[in-house]
Structure formats: structure tokens, C-alpha cells
Number of protein chains: 2
Amino acid sequence: MGNNQLFTPAQTGRASEDIALQIEAAILGEKILPGERLPSERELQAQFQTGRGVIREVVHALKQKGLVEIRKGGKGGAYVKKVDVVNAGESLSLFLKQNRVDIDQIVEFRESLDRTITTLAIARADRDKKQQLVTATEKLRDFLEQPEPDLEQLGELDRNLNIRLAQMTGNQIFEWVMRALQSGFSSKDYTLYEDREFREKTIENWCETARHIAANEPSKALLSTSAHYLLLQQLVARKKNGTT
Amino acid sequence: MGNNQLFTPAQTGRASEDIALQIEAAILGEKILPGERLPSERELQAQFQTGRGVIREVVHALKQKGLVEIRKGGKGGAYVKKVDVVNAGESLSLFLKQNRVDIDQIVEFRESLDRTITTLAIARADRDKKQQLVTATEKLRDFLEQPEPDLEQLGELDRNLNIRLAQMTGNQIFEWVMRALQSGFSSKDYTLYEDREFREKTIENWCETARHIAANEPSKALLSTSAHYLLLQQLVARKKNGTT
DNA sequence: TACTGTTTTTTGGTAGGTCCAAAAGTGGGA
DNA sequence: TCCCACTTTTGGACCTACCAAAAAACAGTA
């Protein structure tokens, strides 16, 4: 970026916020493209006519927001990241954690989300994607055949299925919300998959749903989805009664 | 270099992140309750045996996450905030801004969200709340009678209506997502309300929807909602053709 | 030339200090 | 009692120094 005055010195007052806004605007305004790097902390310090501490705070705030990635050493610095859908931001997760949102609410929301996603996925995704979904669910079922399946890995596969389905809507927001929600969900995971019956029925249900989606049968697919959430609600209710 | 460290992630981890996690855990674990304050930066510096810069970074990261609020002066410091649903986190907003998510996608998502919310609101909210919704929509219509309505204020009222409706579901997550989405939506606002016809039809539609909700008529309410989004999609399409 | 190991430079990370400004408390005088 | 100046607390900014990691530059050898 050289010596052209992309940034102006901070005004007196909340210097850090001012600088943060300038840099953030530069990133969002694509003055600095993803993959490029901001000047080093010491350069920024000179450009903004400020202390390095301020710059560090700013850069770290950007890092926290997921806008940049920091590398050290020669050619290190703050590299602008493309905020992709993977970065599901922890704000929802934090909200779920601190407010002790009831798991029923999460389930309810996920059900409504899933129904829409299923419908859209059937309407929009191409044959290949749908077939891949079926294959993935069958792989999951095979995985479950093991006498001692790794529950953590199982959860991971399940999450991936959900995300894959969300991607099939062609609408990034569904994927974003799904990811955000799952990071919050796993944080209050009641280790649902420990229940063997639930686990088997759920996977079977997944396979069924995937088949309906591949067959372009929205109403049947929605029925499977509902069945899944019915199962989930029952289990959650049991767990609750068991622990309280 | 001892080879015994080959498999451990090594403690190259930054002290600041470590400290941040400790404090965050203390807050989320309710060791420190909302309203209480963390020790002062200098005290923390002493407790953690570290430099003040590190502490400042940590505290500001927490502030950025919305977990604390910083006051200065005597009795100042980092006060723990209750992360309420209002704090809709900017991660979604950032995502929408940087990825140039198409406005159609936002509209599509909002429509699906609104349909669920409407259904749930009818099922769950009590008479009073529903009546208040009707009153609020009528107030909005009256506001529109002015020859020169303040568009910004109008948008604000509209947002409040949406949030009020989301609250009526009794599920905080809907409210959270609605808020997050709106902060992102307004950032790519095509100044839709500038179109006088759209504005009037929309408000009229709002009144109608509210009445259907108050009358416990889910299917009619959903019809109004659909009509609203149809209108919105048309306008967006027109704007798009006009600008590209 | 090509590879290899060392040294230098760049850059973030940490430590500790000084000073400033704002906010709350403190106390004296009208 | 009330108001104003003074003091204390605390975050905000700035600075200097040094450490550690990573890349680049370099030297040495085959």
C-alpha cells in the first residue's frame, strides 16, 4: 500500500475506536483485499501517529471479529481474511451459554429451520448433490455398525450432514445460522447420542430423509424431519426428568 | 529442545488468550455475576503476574464480545454485563457486509423466519400482546399519514414491530436471529421505504397481519405475510434492474 | 549449480514504566 | 446544608526495551 495516505491520524478522544473504524472500513470497503496484509504494527503506529498499544488493541479487535488473521515473523502481520460462512461468530453461542436458553427452544428453532431448509434443498439442489447426501447418510449408518462408535466423531458427522443440507438451499444465510446454532447446541449438549436407541433411530431417520429428498418428495421428507424432532423432544424430556 | 514436547501443542499459546479464557469462564460460570466488576487492570496485572498491556487486551476483547462494560474513574473498571438478546452480535452483520450476500437471500430467509414466527406467535401469545400488536401497527399507519414522514424513524418502527412479533413466540432465539438479521439488513438497505407505494402497501399489510394474528387466524396471517414478501421481492427486483 | 545449515531481519508478544483524563469520593468553607 | 476545590482511583495513551517465532539472506560445502 506504500506511502499513499490510506489512513489519517487519529483524532483526540477515543483514539482506538477511531482507528479501528478506519481500518475496518478499509477492509469492508475492499481497499484491502482478502489475502493482503495490513502494515505492520510499527508502521501503523507511525501512520496513525499513535502508540503501539493502541494499534495492538485495534488489530486484536479485528482478529477477534474474524476479519484478520495474525502471523508473526518476517512477512507476518495482520492478513485480511475472507469472512466465510464457516466463521459462525460466537455471539449466538455466547448468548445461548450465558442466558441458559432452554434446550427446548433450541430444538424448536432448529425444527423450523430444518423444515425450510429441506424444502428449499429439494427445490434447488441438483441430482448429484442429493445423491451425495444419500451416500453420506449411508456412510453414517455404516459407521454406526461398529460395536463401539466414537460418539464425538458421530456428532461431527451429524453436524456435517446438517451443514451439507443447509448448503443445498443455495442460500448462505441458512448455512450461517445452522453453523452458529450448532456451535451453541453442542455447548449444551446433553450427550444425546449416548442413548443407543435414539442414535440408531436418528440415523435411520436421516437415511430416510435423504432418500425422500433425492426422490423429490417434499412432503415425505418433511414427515421424516418431524419424526426426528419428535424423537428428539421425547429424549430431551426424558433427560430433563431424569436430572431434575 | 527436548523431543519430549513433540506431541504436545506447546505452550506457545499467548498468555493473553489464556487469561481471557480464564476470565470468560469465570463470567460464564457465574463466579462473577452481572453488575459486579472485575478487579482493576492493575490488580489483574498483579494477580496474573503479567504486563498491563496483556490485561488491557483481554479486557477489551471481553468488551468487544459484549460481556463487560468499561467505566473509568474511581469505582470504574470492567462491569459484567448480562448478554441479553438485544446484543445481537455483529458477526452475522459482518458476514452479510463482507460477503455481499444477495438481498434476495436475505429476503428469502426472513420470509421463512417470519412464517414460523407468525404461527408460533398466534399459538403462544396472550390476548393482550396480540392486541398491543394491532395497536402498534395502527400507530404506525397513523404515523404514515404525515405528508413528510421521517424514513429513518419509519424503519425503526418497522423493526420494532418485527421484534415485538418475534418476542411473542416465547422463544428467545427467534428474537435474537431477527435482531441480528435486521442489523445486517439495514446495512444493505436499498432505502426501500423511499418508494411511496411500497411503504403504504407494506404498512397496510402489517395492519392486516396483526388483525389476523389477534383473531387467531394462522392461515390468513400467513397469507398476508406472503403478500408482503411478494411485494418486497418485486421492489427489490425493480431496484436491481434500475441500478444494474 | 544445488543443497544445507547458520545468521540476520522483520514482526508480533510481553514487560514495565510515565503521564493524562475522567469519575468518584473527601473535606473545608460559606 | 450545599457547593467548590482537592485527592484517589482507574482506564487510556504513549514509550522503551527485550523476547520469540518466522521468513529471508547468507555462507559453506558437495
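The values are calculated or read from the model by the stated rules, or taken from the named source; none is laboratory data. Owing to the predicted nature of the structure, the values given are computational and were not obtained by experimental measurement. We place every Cβ from the backbone using ideal geometry, glycine too, and count neighbours over all the protein chains shown. Note: areas computed on protein heavy atoms with side chains; ligands, DNA, RNA excluded. Shrake-Rupley method; radii C 1.70, N 1.55, O 1.52, S 1.80 Å.
Quick notes on this one:
- Total residues in segment B:24-58, condition among the aliphatic types (A, V, I, L, M) and closer than 20 Å to A:Ser16 by Cβ: 5
- Total residues in segment B:56-102 satisfying the condition of being among the polar types (S, T, N, Q) and either more than 7 Å from chain A (Cβ to nearest Cβ) or open to solvent by less than 20 Å² (accessible area, probe 1.4 Å) (or both): the figure is 2.
- Scanning segment B:31-51 for residues that are more than 18 Å from B:Lys63 (Cα to Cα), open to solvent by 40 Å² or more (accessible area, probe 1.4 Å) and touching a helix residue (DSSP H, G or I) at 6+ places or on another chain (Cβ under 8 Å) yields one hit, B:Phe48.
- Cβ-Cβ under 7 Å pairs, at least 6 apart or on other chains, segment B:32-53 side within 14 Å of chain A (Cβ to nearest Cβ), far side open to solvent by 80 Å² or more (accessible area, probe 1.4 Å) and within 9 Å of DNA strand D (Cβ to nearest atom): B:Glu41/B:Arg52; B:Glu41/B:Arg56; B:Gln45/B:Arg52; B:Arg52/B:Arg42
- Among the residues of segment A:50-67, the ones that are outside any loop (DSSP other than H, G, I, E, B) and within 10 Å of DNA strand C (Cβ to nearest atom) come to 7 in all.
- Given (1) touching a residue at least 60 places away in the same chain (Cβ under 8 Å); (2) hydroxyl-bearing (Ser, Thr, Tyr); (3) within 27 Å of B:Thr119 (Cα to Cα), number of the condition A:Thr116 does not satisfy: (1)
- Matching entry among A:Leu140, A:Leu113, A:Leu120, A:Leu133 (being crowded, with 19+ Cβ neighbours inside 10 Å, within 24 Å of A:Asn216 (Cα to Cα) and touching a Gly at 6+ places or on another chain (Cβ under 8 Å)): A:Leu120
- Matching option when the condition is charged (D, E, K, R) and within 24 Å of A:Leu96 (Cα to Cα), among B:Glu217, B:Glu175, B:Glu208, B:Glu194: B:Glu175
- From A:Glu111, A:Glu138, residue being assigned to a helix (DSSP H, G or I), among the charged types (D, E, K, R), within 14 Å of chain B (Cβ to nearest Cβ) and touching a residue at least 40 places away in the same chain (Cβ under 8 Å): A:Glu111
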